[in-house]
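The values are calculated or read from the model by the stated rules, or taken from the named source; none is laboratory data. Since the model is a prediction, treat every value here as computed from it, not as a measurement. Backbone-built Cβ (ideal geometry, glycine too); neighbour counts: all protein chains shown. Areas reflect the complete protein model, heavy atoms only, side chains present, ligands, DNA and RNA absent. Shrake-Rupley method; radii C 1.70, N 1.55, O 1.52, S 1.80 Å.
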Amino acid sequence: PARIEAPAHLGLVPSLLTPREKPPAPGRQGMDEPPAQAKAVLDIVEMIPAGSVLSYGDVAALAGLRSPRYVGHVLTRFGDGVPWHRVVMSNGSFAPHLAIEQAELLRAEATPLTRDSRRVDMTRARLA
């Protein structure tokens, strides 16, 4: 699996994430500016390469947060400009309310799925 390094402003061990190469998405600016913790989540999600995934808990841990649910909240509220579909449940399951769309997006990126295609194969697709 691919590796990425942490951006310096997150204060994380720089072994997993690499700095993003594009400017922030247009929807992430202005009056509804996400708080710093939400920006950290969005920065991490933006850096997940195509064909790979992280779990909500992985993203929370990398952002220095305790709650995987907060990651889901951030992606629901501010995640339109990031590859939200690359964040799945720890067992590889898709977001229930977006399962069809998420599975299609992941298939299009050749993300490894289980034989029944109902989940991501976390052994092969999860960033180490």
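Here are the numbers:
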item: Selection count where residues are outside any loop (DSSP other than H, G, I, E, B), in contact with a Leu (Cβ under 9 Å, 6 or more places away or on another chain) and among the β-branched types (Val, Ile, Thr), scope the range 75-111; result: 2
item: Complete set of residues in the range 47-61 that are open to solvent by less than 20 Å² (accessible area, probe 1.4 Å) and over 19 Å from ARG124 (Cα atoms); result: ALA60
item: Residue among ARG107, ARG115, ARG119 that is within 12 Å of GLY51 (Cα to Cα) and not small (Gly, Ala, Ser); result: ARG107
item: Candidate set from the range 72-128 (those that are of a type in the set (Asp, Glu) and out of contact with any Lys or Arg (no Cβ under 9 Å at 6 or more places or on another chain)); member that is surrounded by the most Cβ atoms within 10 Å (Cβ to Cβ); result: GLU101
item: Every pair of residues 6+ apart whose Cβ atoms lie under 7 Å, when the first sits in the range 34-58 and is of a type in the set (Asp, Glu) while the second is open to solvent by 30 Å² or more (accessible area, probe 1.4 Å) and not in a helix (DSSP H, G or I); result: ASP43/ARG20; GLU46/ARG20
item: Condition check for ARG69: free of Cβ contacts under 8 Å to residues at least 60 places away in the same chain and either surrounded by fewer than 14 Cβ atoms within 10 Å (Cβ to Cβ) or on the phi > 0 side of the Ramachandran plot (or both); result: yes
item: Pair list, Cβ < 8 Å and 6+ apart or interchain, from the range 88-115 residues that are under 17 Å from ASP58 (Cα atoms) to residues that are buried (at least 17 other Cβ atoms within 10 Å of the Cβ) and at pLDDT below 95; result: VAL88/ALA95; MET89/ALA95
